[in-house]
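Participant: Structure below; questions to follow.
The values are calculated or read from the model by the stated rules, or taken from the named source; none is laboratory data. Small disclaimer: the values here were computed from a predicted structure and weren't measured. Heads up, the Cβs are rebuilt from the backbone with ideal geometry, glycines too, and the neighbour counts pull from every protein chain shown.
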């Protein structure tokens with residue numbers, strides 16, 4: 001990818017409308033076709049899909065091949081899939097995860113996806129790191145057969161709550177097609193800083209997400225995560241330092257824009273897409289400028 005021309009992805013929740021990922025009823029009320037077209041009009045060159053929306057699309061009679069044509073016609077060349085959980089589990093949880101994995105790979109093949117987001121373990125499961133690394137390596141090997149990167153998101157209220165613990169797991173896995181998704185939100189809320197991002201070897205960074213927020217949390221970390229993010233440049237996060245640190249680390253991939261916000265959910269689709277793009281693009285231009293120095 002040409003760092004002089006950074007690619008922004010409209011992540012799935014940025015165009016999903018008035019739904020939340022942590023609620024049982026989390027399918028977007030807006031048609032995928034309309035969301036794709038709104039993202040393209042705003043200037044995005046990548047698009048993120050929630051696996052639940054894709055399953056609902058297919059079960060409603062849609063064909064992934066038709067969806068790919070929509071993406072191609074709209075100029076959205078980078079596709080992100082979200083998400084897979086319990087890839088490390090056993091029993092019924094693993095059976096459900098494997099079924100979701102099969103659907104995710106099916107969608108990846110049909111849509112030409114670049115990467116898929118996966119979740120770390122939650123709830124203090126105390127799983128040995130070598131076991132996690134082995135399961136992650138196996139998942140990445142499976143994904144490689146579909147030309148798909150696997151990006152595990154570091155989340156501060158998970159069992160891998162900071163960059164150092166998440167990085168240690170993917171380092172032990174040492175999977176060519178696997179690494180981290182680094183979201184500025186989770187870096188800041190875990191107590192991390194730009195210097196921590198700059199210290200991550202670039203080969204372990206597979207995806208990135210941008211947003212902004214106040215430095216002080218509002219309510220619980222879950223509520224803050226799901227409701228109170230801000231558009232880039234409208235909060236107190238050091239976005240310029242974050243994207244510069246990514247350049248120092250050697251990251252040269254796309255930038256996802258993920259705004260989980262009550263305020264954004266209330267906007268019409270076109271306005272949400274346009275405002276999220278327009279506020280994020282200047283920071284990606286900073287990254288491109290840094291890469292050219």
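Participant: For residues that are more than 13 Å from residue 269 (Cβ to Cβ) and free of Cβ contacts under 8 Å to residues at least 24 places away in the same chain, tally how many sit in segment 11-32.
Facilitator: Selection size over segment 11-32: 3.
Participant: While we're on this one: Select from segment 77-98 the residues that are surrounded by fewer than 17 Cβ atoms within 10 Å (Cβ to Cβ) and touching a helix residue (DSSP H, G or I) at 6+ places or on another chain (Cβ under 8 Å) and write down the one among them that is farthest from residue 109 (Cα to Cα).
Facilitator: Among residues in segment 77-98 that are surrounded by fewer than 17 Cβ atoms within 10 Å (Cβ to Cβ) and touching a helix residue (DSSP H, G or I) at 6+ places or on another chain (Cβ under 8 Å), the one farthest from residue 109 (Cα to Cα) is 85.
Participant: Take segment 158-168 and flag every residue that is over 21 Å from residue 236 (Cα atoms) and surrounded by fewer than 22 Cβ atoms within 10 Å (Cβ to Cβ). It would help to see each step written out before you state the result.
Facilitator: Of segment 158-168, the ones over 21 Å from residue 236 (Cα atoms) are 158-161, 164-168.
158, 159, 161, 164, 165, 167, 168, listed by residue number.
Participant: Working carefully through the options 208, 188, find the one that is under 17 Å from residue 241 (Cα atoms), surrounded by 23 or more Cβ atoms within 10 Å (Cβ to Cβ) and at pLDDT 95 or above. Before you say what the answer is, go through the steps one by one.
Facilitator: Numbers: 188 fails: surrounded by 23 or more Cβ atoms within 10 Å (Cβ to Cβ).
Residue meeting the stated conditions: 208.
Participant: Also, quick follow-up: Would a scan of segment 33-44 turn up a residue that is in a helix (DSSP H, G or I), closer than 26 Å to residue 124 by Cα and in contact (Cβ under 8 Å) with a residue 40 or more places away in the chain? Walk me through how you get there before you give the answer.
Facilitator: Taking segment 33-44 first, the residues in a helix (DSSP H, G or I) are 33-42.
From what is left, the residues that are closer than 26 Å to residue 124 by Cα are none.
No, every residue in segment 33-44 fails to be in a helix (DSSP H, G or I), closer than 26 Å to residue 124 by Cα and in contact (Cβ under 8 Å) with a residue 40 or more places away in the chain.
Participant: Still on this model: Only residues that are out of contact with any strand residue (DSSP E or B) (no Cβ under 8 Å at 6 or more places or on another chain) and closer than 26 Å to residue 205 by Cβ: list them for segment 104-122, please. If you could, list the steps in order and put the result at the bottom.
Facilitator: Within segment 104-122, the first condition is being out of contact with any strand residue (DSSP E or B) (no Cβ under 8 Å at 6 or more places or on another chain), and the residues that meet it are 105-106, 109-110, 121-122.
105, 109, 121, 122, listed by residue number.
Participant: May I ask you to say which residue of 116, 108, 65, 74 is closer than 26 Å to residue 256 by Cα, loosely packed, with under 11 Cβ neighbours inside 10 Å and without any contact (Cβ under 8 Å) to a residue 60 or more places away in the chain?
Facilitator: Values: 116 fails: loosely packed, with under 11 Cβ neighbours inside 10 Å; 108 fails: loosely packed, with under 11 Cβ neighbours inside 10 Å; 74 fails: loosely packed, with under 11 Cβ neighbours inside 10 Å.
Going through 116, 108, 65, 74 in turn, the sole match is 65.
Participant: Separate question: Report, by residue number, each residue of segment 249-272 that is in contact (Cβ under 8 Å) with a residue 12 or more places away in the chain, buried (at least 16 other Cβ atoms within 10 Å of the Cβ) and over 16 Å from the mean Cα position of the chain (by Cα).
Facilitator: Hits for segment 249-272 are 249, 264, 265, 269, 272.
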